[in-house]
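Remarks on the structure that follows.
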Amino acid sequence: MATGTSGILMRLTVPRPAAGTWSNFSHTSHLFTAAQTLASLATLALLPPLCVIYVVPAVVGWFCYPLAKRVTYYPQAVLGFPMAWGVYIGATSMGADLLNFAPLLYALMSVVRRESTEKSGLSLILEALLEVQIDWPIAAFYAANVVWTLLYELVYSHQDAAEDIAAGVKNLVLLYVNPDAPNLEERFGTMPLLCRLAFTQVLLLAATGTLGGFGFGYNALAVAGTAATLATMLSRVRLGEPESCAWWSKVGNSQYAGMAMLAGLSAEYVGRALQQ
């Protein structure tokens, strides 16, 4: 069993030099992970205190993701939530409190410091949670990024399908595998799902612009531009070829769809700055 698992891990990391190198040195990889954690904590210490509260959901998501393939066929969805949560963390680092988490921070600080109040610590925390608000334009943009993560991770995970089957772990792609297909390209029936995800992402980006009152630049670049780039990716990616999946999900996806969204947001920012 150990030999079989090691063989699977080696096949998984062959086209990924960094992963292949670190997986051969367990102690070194643990030290590397610890160093990354310390660096993240050091970065967090430089940000406003409110960021601590906003980081918690992301940490929970990151903790659950490595275990997701053991319990669900939707690990990409589990990954999408903490990946996209950076939208909120980034805004909070700039001084915004998009979910009104400040009362929750004060309630937790009161509990930690054991400050004398008329209410119990639990009551303070529950009242603070009831004050949480939703900024709908940001919520729509966050949801668009969750779907985006699900989309490109689903493309990426096609190259791991055979190894996931051998290892006995779950993957959304495995729900759409046709092992009797005559060729590799027809083995995966995920293209309709990928198209629906792309449509949903574009729809959520359009909703972001509508709810936020964004102008032509955002809609032309972030909405129409993302639609065009995702259509290009889905028309050119070869789901039966690992190299194609890896390139379009990581390099092509970030350079095209990612840059389209960045350009749209930048255009909106510049447009509003010029109007002031």
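The values are calculated or read from the model by the stated rules, or taken from the named source; none is laboratory data. Quick caveat, the model's predicted, so the values are computed rather than measured. Please note: Cβ atoms are built from the backbone with ideal geometry, for glycine as well, and neighbour counts cover all protein chains shown.
Observations on the structure shown:
- Options 139, 166, 162: the member that is surrounded by fewer than 18 Cβ atoms within 10 Å (Cβ to Cβ), free of Cβ contacts under 8 Å to residues at least 40 places away in the same chain, assigned by TED's automatic domain parsing to the domain that holds residue 212 and under 30 Å from residue 246 (Cα atoms): 162
- Within the stretch 67-86, residues that are closer than 23 Å to residue 139 by Cβ have Cβ atoms under 7 Å from residues that are among the aromatic types (Phe, Trp, Tyr) and modelled with pLDDT of 90 or more in these pairs: 84/142, counting only partners at least 6 apart in sequence or on another chain.
- Residue check, residue 57 modelled with pLDDT of 50 or more, in contact with a helix residue (DSSP H, G or I) (Cβ under 9 Å, 6 or more places away or on another chain) and assigned to a loop (DSSP other than H, G, I, E, B): no
- For the stretch 61-70, a tally of residues being aliphatic (A, V, I, L, M) and either modelled with pLDDT of 90 or more or buried (at least 18 other Cβ atoms within 10 Å of the Cβ) (or both) returns 1.
- Among the residues of the stretch 111-125, those that are more than 24 Å from residue 88 (Cα to Cα) and touching a residue at least 12 places away in the same chain (Cβ under 8 Å) comprise 111, 121.
- Enumeration of residues in the stretch 173-217 that are modelled with pLDDT of 95 or more, of a type in the set (S, T, N, Q) and assigned to a loop (DSSP other than H, G, I, E, B): none
- Taking the criterion of being within 18 Å of residue 200 (Cβ to Cβ) and either in contact with a strand residue (DSSP E or B) (Cβ under 7 Å, 6 or more places away or on another chain) or touching a residue at least 24 places away in the same chain (Cβ under 8 Å) (or both), the residues of the stretch 220-236 that qualify are 222, 223, 225, 226, 227, 228, 229, 230, 231, 232, 233, 234.
- Candidates 66, 57, 48: the one that is within 20 Å of residue 152 (Cα to Cα) and not assigned by TED's automatic domain parsing to the domain that holds residue 171 is 66.
- Unique residue being modelled with pLDDT of 85 or more, surrounded by fewer than 17 Cβ atoms within 10 Å (Cβ to Cβ) and in the same structural domain as residue 157 (by TED's automatic domain parsing) when the list is 86, 80: 86
- Exactly one residue out of 239, 211 is in contact with a strand residue (DSSP E or B) (Cβ under 7 Å, 6 or more places away or on another chain), touching a residue at least 40 places away in the same chain (Cβ under 8 Å) and not aromatic (Phe, Trp, Tyr), and it is 239.
- Selection within the stretch 60-80 - assigned to a helix (DSSP H, G or I) and either at positive phi or over 12 Å from the mean Cα position of the chain (by Cα) (or both): 60, 63, 64, 66, 67, 68, 69, 70, 71
- Annotation note: of 272, 236, the sole residue that is farther than 30 Å from residue 161 by Cβ, surrounded by fewer than 20 Cβ atoms within 10 Å (Cβ to Cβ) and of a type in the set (D, E, K, R) is 272.
- Inspection of the stretch 195-204 identifies at least one residue that is touching a Ser or Thr at 6+ places or on another chain (Cβ under 8 Å) and in the same structural domain as residue 149 (by TED's automatic domain parsing).
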